[in-house]
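Scroll down for the structure; my scribbles are underneath it.
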Amino acid sequence: MTGSDLFDIVVVGGGPVGLSTGWQAAARGRRTLVLDRHGFFNERCGTSGAERHWRLQYTQEDLFRLTLEALPRWRRLESLAERTLIHEIGSLWFGDVDVETNEGQIAETMRVMDRLDVRYEALTARDIERRFGFARLPGHYAGFLQPGGGTIDVRGTLAALYGLAQQEGCLLRGGERVLGLEPDADGVTVRTDRQTYRCAKVVLANGAEVNSLLTPLGRGLDIKLYEMALVSLRRRDQAVDFPFWFVFQQPTEEDTNLFYGFGRNPWSPSELVRLGPVFEVDPIAGADHTTGEPDPRHVTRLSTWVGNHLPALDPEPVRTSTCLAVLPGDLRRQFYLGLATDLVPDGGNIVLYSSGWGFKFVPLLGEVCVDLALHGSTEHDISRLAPTATQEAAR
Ligand SMILES: Cc1cc2nc3c(=O)[nH]c(=O)nc-3n(C[C@H](O)[C@H](O)[C@H](O)COP(=O)(O)OP(=O)(O)OC[C@H]3O[C@@H](n4cnc5c(N)ncnc54)[C@H](O)[C@@H]3O)c2cc1C
């Protein structure tokens, strides 16, 4: 092995979390390599599509505090990249305020916002109809608008992170797949389909495929993969616009009955807006089992809901696609983030992040992965997310 194959940190996966880690490790003076099997900016992983929901609010106070910690890190990223990445079009949560969903619960989230002194506007069903153009909402529906929420420019974020990683001297290699890891007491040997590297620490940021590298060494993570539908609809009236919205409803026998939608993309306005059902049903066997075709029943359910409640949109889908969602078996924990110490021998040299709705945390996740790689700990409270956290910790 030559000096050029030796690194302080090798990051597996060049999605937003891997790029954020690569950038911040290199900025801290570490010789860093990021590898991605499909190449950077690929649409085959958990980051396809143009936008993600930015929200401060979480029902779980520890996760809420993490979004508050992520916000200044987004602002720094925006300032370094000289572009807006979070567009504050507002975050509207409404529906049955007592229903518990994987996204959270409205009534309790309002109480947490009161405690943390985060401003929001409480709304009735009639307010929501009048202000945002929804129709025929059940009278008991209610909710809130959090004006600092909105939408994140996904492609802009990836471009910003890639550029900053390059600037800091991080090596970025696309089209190279990591096939296996061999951790030992002094570091990790990383075998790819092209060559072998040696490093002090590995950061696994390879999303849906994390277990392909962990399981052969010991224990994998309890995760499930879903191919989620993304649906673009046409606005009937170009003057009408929405905040990001999420409707909380009682589940049906077949699905979670949850829907969301974005307003106009401020960075690429068009007559289309993107919506989706959040149906965590029918998990797929692996990342290579995606079809790119959404389940037609899910698209129909979304269209029907829009036809009933959003007259400003033509419910006929103009475009559909899918995105790979990785979620923990125990949905309350939301994410896995930590050292692989209790999963595999010499796992203290492996940091891992996987699963959950993690885009909103990207600059923070990169920082925490570097903290863990360099010091084995971080100042941020990530106890709920530890790969070995018990169900108790995740409550
Ligand atoms: C439909 C949908 C909606 C979402 N909405 C939101 C939202 O509104 N708000 C939010 O905060 N989050 C949201 N998320 C979640 C968010 O998009 C993801 O958490 C985030 O994009 C994942 O980024 P990542 O870097 O962890 O993984 P990925 O983007 O999946 O990147 C992993 C990378 O690893 C590479 N890789 C895999 N195996 C290997 C290997 N062996 N060797 C080398 N490279 C490898 C892959 O090619 C891939 O590029 C949503 C997700 C979905 C699916």
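The values are calculated or read from the model by the stated rules, or taken from the named source; none is laboratory data. The model shown is predicted, which means the values in this text are computed figures rather than measured ones. Every residue, glycine as well, gets a Cβ built from its backbone with ideal geometry; the counts of neighbours run over all protein chains shown. Just so you know, the surface numbers come from the protein's heavy atoms only, side chains and all, with ligands and any DNA or RNA stripped out. Shrake-Rupley method; radii C 1.70, N 1.55, O 1.52, S 1.80 Å.
Annotations for the structure displayed:
- Checking each residue in region 25-60 for being outside any loop (DSSP other than H, G, I, E, B) and more than 25 Å from Ala325 (Cα to Cα) picks out Ala25, Ala26, Ala27, Thr32, Leu33.
- Residues located in region 136-159, provided they are in contact with an Asp or Glu (Cβ under 8 Å, 6 or more places away or on another chain) and among the aliphatic types (A, V, I, L, M): Leu137, Leu145, Ile152, Val154
- Residue match in region 156-169 (condition: assigned to a loop (DSSP other than H, G, I, E, B) and within 9 Å of the ligand (Cβ to nearest atom)): no
- Contacts under 7 angstrom Cβ, first residue in region 8-35 being farther than 18 Å from Thr192 by Cα, partner within 7 Å of the ligand (Cβ to nearest atom) and among the aliphatic types (A, V, I, L, M), 6 or more apart: Val17/Ala205; Thr21/Ala205
- Yes/no for Val326 being of a type in the set (A, V, I, L, M, F, W, C) and within 16 Å of the ligand (Cβ to nearest atom): yes
- Within region 346-358, the residues that satisfy the criterion of being assigned to a loop (DSSP other than H, G, I, E, B) and surrounded by fewer than 22 Cβ atoms within 10 Å (Cβ to Cβ) are Asp346, Trp357.
- Counting the residues of region 359-379 that are open to solvent by 10 Å² or more (accessible area, probe 1.4 Å) and within 20 Å of Val178 (Cα to Cα) gives 0.
- Residue that is surrounded by the fewest Cβ atoms within 10 Å (Cβ to Cβ), among those in region 31-50 that are more than 16 Å from Ser20 (Cβ to Cβ) and within 8 Å of the ligand (Cβ to nearest atom): Gly39
- When Gly163, Gly169, Gly150, Gly175 are screened for being surrounded by fewer than 21 Cβ atoms within 10 Å (Cβ to Cβ), within 30 Å of Trp267 (Cβ to Cβ) and touching a His at 6+ places or on another chain (Cβ under 9 Å), only Gly175 passes.
- Taking region 216-252 as the range and being among the small types (Gly, Ala, Ser) and within 15 Å of the ligand (Cβ to nearest atom) as the test, the residues that pass are Gly220, Ala229, Ser232.
- Residues satisfying the criterion are present in region 92-106 (criterion: assigned to a helix (DSSP H, G or I), surrounded by 19 or more Cβ atoms within 10 Å (Cβ to Cβ) and at pLDDT 95 or above).
Let's see how each residue does on (1) at pLDDT below 95; (2) in a helix (DSSP H, G or I):
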| residue | (1), (2) |
| --- | --- |
| Val344 | no, no |
| Lys360 | no, yes |
| Leu365 | no, yes |
| Leu372 | no, yes |
| Ser377 | no, no |
| Ala393 | yes, no |
